[in-house]
Amino acid sequence: MFRIPFLDLPALTGAAGTVKLPGSKSISNRVLLLAGLSAGATTVRGLLDSDDTAVMLDALRTLGCVIERDGDATRIGGLGGRLAVHEAKLFLGNAGTAMRPLAATLAVLATRHGGRFELAGVARMHERPIGDLVDALRPLGCDVGYLGTPGYPPLAIAGHDGGRLATAAPIRVRGDVSSQFLTALLLALPLATDTGDIVIEVVGELISKPYVEITLNLLARFGIDVRRDGWQRFTIPGGSAYRTPGEIWVEGDASSASYFVALGAIAATAEPIVVEGVGRDSIQGDMRFVDAAVAMGADVAIEPGRVVVRRGAWPLKAITLDANHIPDAAMTLAVMALYADAPTTLTHIASWRVKETDRIAAMASELRKLGADVVAGDDFLRVTPPPRWRAAAIETYDDHRMAMCLSLAAFNPLAGATPSVPVRILDPKCVGKTFPDYFEALFALARTEPRHVPVITIDGPTASGKGTLATGVAAALGYQKLDSGSLYRALALAAMRRQVDTSSGPALAALARRLELRFDGDRLWLDGDEVSADLRLEVVGSTASRISALPEVREALHDLQLGFRRAPGLVADGRDMGTVVFPDAALKVFLTASAAMRAERRHAQLLSRGVSANIDDLRADLEARDARDRSRSVAPLKPAEDALLLDNSALSADQSVAQVLAWWAQRRPFG
Ligand code: DC
């Protein structure tokens, strides 16, 4: 898959509105596994649709579960606590919530019913410890081996039909590296309770307890009532069996909520940020993030099913917090610390080092790039707000949470950053692990001033390939796109349809002000009618060229074009984008290609649409239109003084896009 290399966030100055959270990752993957193990079918609603749930779904399918999707509902046919497939290789990406529980479950099932399984992931997954879980499984009689480095995936699991599990003595598991080892055993061992109770004892301090609470809560929904003595001893009653609840709802992701709670605390000065999908009834421990946000000054109301956040204290108040209970959401606090009145200290966060990346090291290094002073210890982080903010290209380490929480640094104008700085997020698509639409959601809420929004202009003569180039560049950067020619064409078409005099500037200007246009990507609707195809007609193009020479027409379409300048940025193509409409554009490109080449391209384009044309006529027409666009007195077609010239006669579309992206990557402040 093509990954966008970076996303530049302009300096942002406010936020308001409602966001609907994607489903919880922790709940989704637990529910999927429980449904897969139960007898009968389970319908799951609100399931997270992301990289981590995709690998769990794939694994369940490989293991023989029938999975059907229907809109928001996912139906999982469970295996009834038995193996349908006895040999498989599973690829689990970088999903700890899939690797650990599947390893334990398949170890238990293979030992009893026979089987051979290999569990592998991406390179980083092979650096994330699993030894404590394997050490707990081996005394049970499970045959679990390491295919690479001892203590880490990939794993090989084997067993013979009729094998027995040694469950009479308590099963001991370490709890101080990852709580997922305990969760994995709790999810797997109900499959082995036919000979009586099973006791699990935690060795060492149990970290991230709220995640174990989610596990217990969901086990109960699937018919398993685990008895808990403190956080040290867990008893699964003999004779336990998974029972599907039939239908189950996945609530919104509380860790994902943290970014929007923080957004409200930082930037919701007038209207609040409303976060839908989690609320008072949530079973997720990361809801406790809200307490920390409130301690830093957020004004929060927790309601059933939603959280309403406004800025309270400003600047935020520095805190010192033992963040052991909210390891994931605490990363968001480290970024909120940039906006605080003094240094903020987060302690008891050693588990950060074994997550998607070493998050203590990663956070320290990226916050420093922004100008913050950071002290990183083995299990703590202290962040002092930047005395002077710096524009930074933020490394994300294939860690979704690094990308999401560091995006909040773009609100630096609110911290008085002078000058305010944009923030470049490298590999922004890594958010797909848990929140594929994160940046779209952020931009739907964030406010900024047009001057902060970067514009790339692409001007040039007709058929020079501006549209293709602008579309490619906008897609690569995640930017908005303005095809200004389509506005002139739409006005021309409207005038033709309504028999407005196309030589009268005032009449056309009046029509332009009444135009009802709606855009969706490259499609355009005029007064509710899709006109995308009609706009490409030659007669519409030549009428557009004529009316565009009228000053009243250009004036009437001016503000409409400025309205496209929205976060995170704009790629605008036309004739006068760099000279008249966006003179402050950060990069101006002027495309040229020989008339012969352009006539050839237009010819091929027409043929592909089934329209026959004479290449010489096309060339003559292009040259006439060039002459008119160049010689008109208002906004004549010419390169801006600071434009870079790109002759694409000999370049493919991809090569042209690559050239513009290369120029863009060089631009200050990131170049
Ligand atoms: O780019 P295009 O062929 O779709 O544009 C149609 C006409 O609109 C073109 O002949 C000139 C005019 N135009 C303009 O004058 N200024 C712009 N920024 C874009 C287009």
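The values are calculated or read from the model by the stated rules, or taken from the named source; none is laboratory data. Quick caveat: nothing in here was measured; it's all calculated off a predicted structure. Counting neighbours? That spans all protein chains shown, and the Cβs are built from the backbone with ideal geometry, glycine included.
Worth a mention:
- Taken together, the residues in segment 573-588 that are more than 10 Å from the ligand (Cβ to nearest atom), touching a helix residue (DSSP H, G or I) at 6+ places or on another chain (Cβ under 6 Å) and either over 25 Å from D520 (Cβ atoms) or not aliphatic (A, V, I, L, M) (or both) amount to 2.
- Options T167, T183: the member that is surrounded by fewer than 23 Cβ atoms within 10 Å (Cβ to Cβ), among the polar types (S, T, N, Q) and either at pLDDT 95 or above or not in a strand (DSSP E or B) (or both): T167
- Applying the criterion of being more than 13 Å from F181 (Cβ to Cβ) and charged (D, E, K, R) to the residues of segment 118-137, the residue that is surrounded by the most Cβ atoms within 10 Å (Cβ to Cβ) is E118.
- Each residue in segment 349-392 was checked for being surrounded by fewer than 16 Cβ atoms within 10 Å (Cβ to Cβ) and among the small types (G, A, S), and 3 pass.
- Residues satisfying the stated conditions in segment 187-233, i.e. without any contact (Cβ under 8 Å) to a residue 24 or more places away in the chain and farther than 24 Å from L165 by Cβ: G230
- Positions within segment 445-494 being buried (at least 22 other Cβ atoms within 10 Å of the Cβ), among the small types (G, A, S) and away from the ligand (no atom under 11 Å from the Cβ), in sequence order: A446, A474
- Criterion (under 24 Å from the mean Cα position of the chain (by Cα) and within 22 Å of P22 (Cβ to Cβ)) met by exactly one of D328, D281: D328
- When we screen G151, G93, G175, G115 for residues that are of a type outside the set (S, T, N, Q), surrounded by fewer than 16 Cβ atoms within 10 Å (Cβ to Cβ) and either over 24 Å from S38 (Cα atoms) or at pLDDT 95 or above (or both), the only hit is G151.
- Extreme residue, farthest from E600 (Cα to Cα), among residues of segment 490-521 that are charged (D, E, K, R) and touching a strand residue (DSSP E or B) at 6+ places or on another chain (Cβ under 9 Å): E516
- Subset tally (residues that are outside any helix (DSSP H, G or I) and closer than 16 Å to P10 by Cβ) for segment 445-480: 11
- Check on A188, among the small types (G, A, S), closer than 22 Å to S208 by Cα and either outside any loop (DSSP other than H, G, I, E, B) or at pLDDT below 95 (or both): yes
- Per this entry, T195 is counted among residues that are surrounded by fewer than 18 Cβ atoms within 10 Å (Cβ to Cβ), of a type in the set (V, I, T) and either under 38 Å from the mean Cα position of the chain (by Cα) or part of a loop (DSSP other than H, G, I, E, B) (or both).
- Residues that are β-branched (V, I, T) and not in a helix (DSSP H, G or I) were ranked within segment 410-444; the one that is farthest from the chain's Cα centre (by Cα) is T418.
- Criterion: modelled with pLDDT of 95 or more and more than 13 Å from the ligand (Cβ to nearest atom) - qualifying residue of L557, L570, L562: L570
- If you go through segment 606-659 and keep only what is within 40 Å of the chain's Cα centre (by Cα), surrounded by 14 or more Cβ atoms within 10 Å (Cβ to Cβ) and in a helix (DSSP H, G or I), you end up with L606, S656, V657, A658, Q659.
- Spans of helices (runs of 4 or more DSSP H) in segment 285-396 with at least 2 residues touching a residue at least 60 places away in the same chain (Cβ under 8 Å): 330-336
- In segment 624-639, the residues that are within 15 Å of T543 (Cβ to Cβ) reach residues that are within 8 Å of the ligand (Cβ to nearest atom) and outside any helix (DSSP H, G or I) with C-beta atoms within less than 6 angstrom, at least six apart or across chains, in these pairs: R625/T462; D629/R575; D629/L637; R632/A549.
- Residues that are free of Cβ contacts under 8 Å to residues at least 40 places away in the same chain and among the aromatic types (F, W, Y) occur in segment 138-149; there is at least one.
- Here A643 meets the list (1) within 9 Å of the ligand (Cβ to nearest atom); (2) touching a residue at least 60 places away in the same chain (Cβ under 8 Å) almost entirely, failing just condition (1).
- Enumeration of residues in segment 402-454 that are of a type in the set (V, I, T), touching a residue at least 40 places away in the same chain (Cβ under 8 Å) and touching a helix residue (DSSP H, G or I) at 6+ places or on another chain (Cβ under 8 Å): V421, V423, I425, T434
- Residue among L535, L511 that alone is hydrophobic (A, V, I, L, M, F, W, C), away from the ligand (no atom under 15 Å from the Cβ) and outside any loop (DSSP other than H, G, I, E, B): L511
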